[in-house]
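J.: First the structure, then my questions, so here it is.
Since every read-out is calculated from the coordinates, none of them should be taken as a lab result. Source: prediction; values computed, not measured. Neighbour counts are summed over all protein chains in view; Cβ atoms, including those assigned to glycine, are modelled from backbone coordinates with ideal geometry.
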């Protein structure tokens, strides 16, 4: 009986390896057009203003305006109403603004209660600065904004306070392009 069952474990291992390779191949094919930076973005998990951990992967396939900010940053606070307008204007067209703060969830929760915005806010602390660096923020500044197309490719970055007209133009152009 022992001799007959010794083959079961190797067969199970081979089946699991095959399933893993297939899943990896399908995942790679799905993200083939995504930049390495976007894959890093979609791998990130941050607490929202209420402290609940959220995966940024949930917005994969959308046009993303990732805005890195801080509660102490005056230009960041000044651009937030404009980012809310952009988020509201294009949300039904598959565009999302994500506010990724270099602060704790307690700080952004307190800020959001005083100055609410219509888009999701996340507390990234130092990991937010690391992510912004991976996404091209070689100056280490906030605000810093990155625009991704639906395929996960970076199409534009902005150092400092955004210009709403420029963001509108960028998003309008992206909406004209059909996803691959």
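J.: Give the peptides 127-137, 47-57, 99-109 in descending order of average Cβ contacts within 10 Å, highest first.
T.: Working: 127-137: 18.6, 47-57: 14.8, 99-109: 21.5.
Order by mean packing, descending: 99-109, 127-137, 47-57.
J.: For region 35-176, what D do you get in µm² per second when you plug the Kirkwood radius from alpha-carbon pairs into Stokes-Einstein at 20 °C and 1.002 mPa s? The partial results should precede the final answer.
T.: On the way: Rh = 14.7 Å.
The Stokes-Einstein estimate is 146 µm²/s.
J.: How much length, in nm to one decimal, is gained on full extension between residue 77 and residue 139, taken as 0.36 nm per residue of separation minus their Cα-Cα distance?
T.: Details: separation 62, 0.36 × 62 = 22.32 nm, distance 1.95 nm.
Difference between extended and current length: 20.4 nm.
J.: In nm, what is the difference between 0.36 nm times the number of residues separating residue 165 and residue 113 and their Cα-Cα distance? Could the numbers behind the result be given before it?
T.: Details: separation 52, 0.36 × 52 = 18.72 nm, distance 2.74 nm.
Length difference between fully extended and current span is 16.0 nm.
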